[in-house]
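See below for the structure under consideration.
Every number in this text was worked out from the coordinates using simple rules, so none of it is lab data. What you are looking at is a predicted structure, and each value in this text was computed from that prediction instead of being measured. In this analysis, Cβ positions are derived from the backbone assuming ideal geometry, glycine residues included, and neighbour counts consider all displayed protein chains.
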Amino acid sequence: MLHPDRVLMGPGPGNPYPEVIEAFGRPVIGHLDPDFICLLDETNERLRQVFQTSNPLTFPVSATGSAGMEATFVNVLGPDDVVVVGVNGVFGERMCDVASRCGADVIRVDAEWGAAIEPQALLDAHPSPKVIAVVHAETSTGVRNDIAPIGLGKGDALLLVDCVTSLGGIPLEIDRWGIDLAYSGTQKCLGVPPGLSPVTVSPAAISGFVDKPQSWYLDFSMIANYVTGGGTRAYHHTAPISMIYALHAGLGVVLEEGLSNVQARHQECGDRLQEGLVQRGFELFAQEGHRLPELTSALVPSNRLPAGVSEADVRRQLLSDYGIEIGGGLGPVAGQVWRIGCMGHTARQRNVTLLLGALDEILI
């Protein structure tokens, strides 16, 4: 049985904006219909505003965020290309996996889970990599990695950044920070259900495209000629019409509220949630100064759990009795850490109040 009143506060999808739900009800038109093409172009322009970029090649890949990751890698990496990858969680690990499947020479720069990656360590890892890749907001740990210093010192390398959990929630300036390739997801701070991966690609990255990527579907060169002004629009695939409607609406909500105001709302909710958790005996897991407001990671205090009750039992009770869904830890912190999302439409003070109040009733 579906529960439309659930409050989704996990690391995955949050509750969509009401305007997004309404957009899904629009009549479906053809993917080559002039009205849809116009809406798609407008969606891409809205993405540029939220990404803070002027890159012509900015659009939603018709698949989820992991496809955005693969797409950005396969278009610029081939056999024996050197890529430096920052790893401090699940998605840095996944970057290494994807890059290795391209045949690239992968150089890892590791940091402990919960700690941020030192930008200089990435810059010092190799004298002339083709790509430096790092996750901006690591979903598995709640850690923000600094990006601007890497862009400042990258030299001729292309800077590739995972922005899945950061786009729309915290400051992200693609052009100003020197980011060449970035991908995100719709289901986090944009307040749209999962299904698309917004990407943006700089002219320098386009110049660095490999001749024939290992993927046909994700080959950006098939559309780059049109969007950069050197060709005509050509059919590539059948676009997911209703998902584009939804993304268009979600971006409209963000821009109407104001990007800085949306980011401030995320910060205020995150600050209050983290303060409330500490007051209840939780220890914040992410490194101080690098904690994400939109995704809080916290060590669960075993001394506050009722006798015979595990942290997973509490999460199940939150879901069944209060309609609140939060996420557990991954990898080495599974069973120890909670990952609590305040993203998109879910980033509201009332949701923070509801969760903290529920914890007061459950914990001892």
What lysines does LYS212 reach when the alpha-carbon gap must be under 23 Å and sequence neighbours fewer than 8 apart in one chain are set aside?
LYS130
Among GLY195, GLY14, GLY331: highest mean-square fluctuation, GNM of the chain, C-alpha pairs under 10 Å
GLY331
Candidates per chymotrypsin sites (Phe, Trp or Tyr not before Pro) in the range 205-263, loop by DSSP, up to 10 other Cβ within 10 Å
TRP216, TYR235
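If the chain between ASN225 and ALA204 were fully stretched, how many nm would it gain, using 0.36 nm times the residue separation less the Cα-Cα distance? Present the calculation step by step, with values, prior to reporting the outcome.
Working: separation 21, 0.36 × 21 = 7.56 nm, distance 1.42 nm.
Fully extending the segment from ASN225 to ALA204 adds 6.1 nm.
Considering only the chain, what is the antiparallel percent among its DSSP beta bridges, to the nearest 5? It would help to have the intermediate numbers written out before the result.
Values: 20 of 39 bridges.
Expressed as a percentage, antiparallel bridges in the chain total about 50.
DSSP loop (so not H, G, I, E, B), at most 12 other Cβ within 10 Å: list which chymotrypsin sites (Phe, Trp or Tyr not before Pro) in the range 60-127 pass both filters.
Working: sites: PHE73, PHE91, TRP113; in loops: TRP113.
Nothing satisfies the criteria.
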Quick one: among VAL199, VAL83, VAL106, which has the greatest mean-square fluctuation in a GNM of the chain with alpha-carbon springs under 10 angstrom?
VAL106
What list of ³J(HN,Hα) values in whole Hz, one per residue of the range 112-124 in order, does the Karplus curve 6.51 cos²θ - 1.76 cosθ + 1.60 (θ = phi - 60°) give from phi, with Gly and Pro shown as x?
4, 4, x, 9, 7, 7, 6, x, 5, 5, 5, 5, 8
Under 5 Å between amide hydrogens, which residues at least 5 positions from VAL7 or on another chain qualify, with H placed 1.01 Å from N in the peptide plane?
ILE324, GLU325
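Could you please rank ASP162, ASP313, ASP146, placing first whichever residue has the fewest other Cβ atoms within 10 Å of its Cβ? List each step's numbers first, then the result.
Working: ASP162 29, ASP313 13, ASP146 17.
With the sparsest Cβ surroundings first, the list reads ASP313, ASP146, ASP162.
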Backbone HN-Hα couplings from phi across the range 260-277 [Karplus 6.51/-1.76/1.60, Hz, Gly and Pro as x]
5, 5, 5, 5, 5, 5, 4, 5, 5, 5, x, 4, 5, 4, 5, 4, x, 5
Taking H as built 1.01 Å from N, whose amide H comes closer than 5 Å to the amide H of LEU57, not counting residues under 5 places away?
VAL201
Candidates HIS237, HIS345, HIS31: whichever shows maximal mean-square fluctuation once the chain is modelled as a Gaussian network with Cα springs under 10 Å:
HIS237
Starting at the first residue of the range 35-45, write each ³J(HN,Hα) from the Karplus equation 6.51 cos²θ - 1.76 cosθ + 1.60 with θ = phi - 60°, in whole Hz, x for Gly and Pro.
5, 5, 4, 4, 5, 5, 4, 5, 4, 5, 5
State the cysteines of the chain left without a partner when partners are defined as other cysteines whose beta carbon lies under 4.7 Å away.
CYS38, CYS96, CYS102, CYS163, CYS189
Rg/Rh for the range 18-257 to two decimals, with Rh computed the Kirkwood way over all alpha-carbon pairs.
0.96
Quick query: amide H of ASP81 versus all other amide H atoms, modeled in the peptide plane; which residues come in under 5 Å with a sequence gap of 5 or more or a different chain?
ASP105
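If I take every Cα pair under 8 Å that is 6 or more residues apart in the chain, average their sequence separation and divide by the length, what percent do I get for the relative contact order? Don't skip to the answer; put the middle values down first.
Details: 758 pairs, mean separation 89.2, N = 364.
After rounding, I find 25 percent.
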Can you give the longest run of the chain that contains no trypsin sites (Lys or Arg not before Pro) sitting in a DSSP loop with at most 16 other Cβ atoms inside 10 Å?
7-175
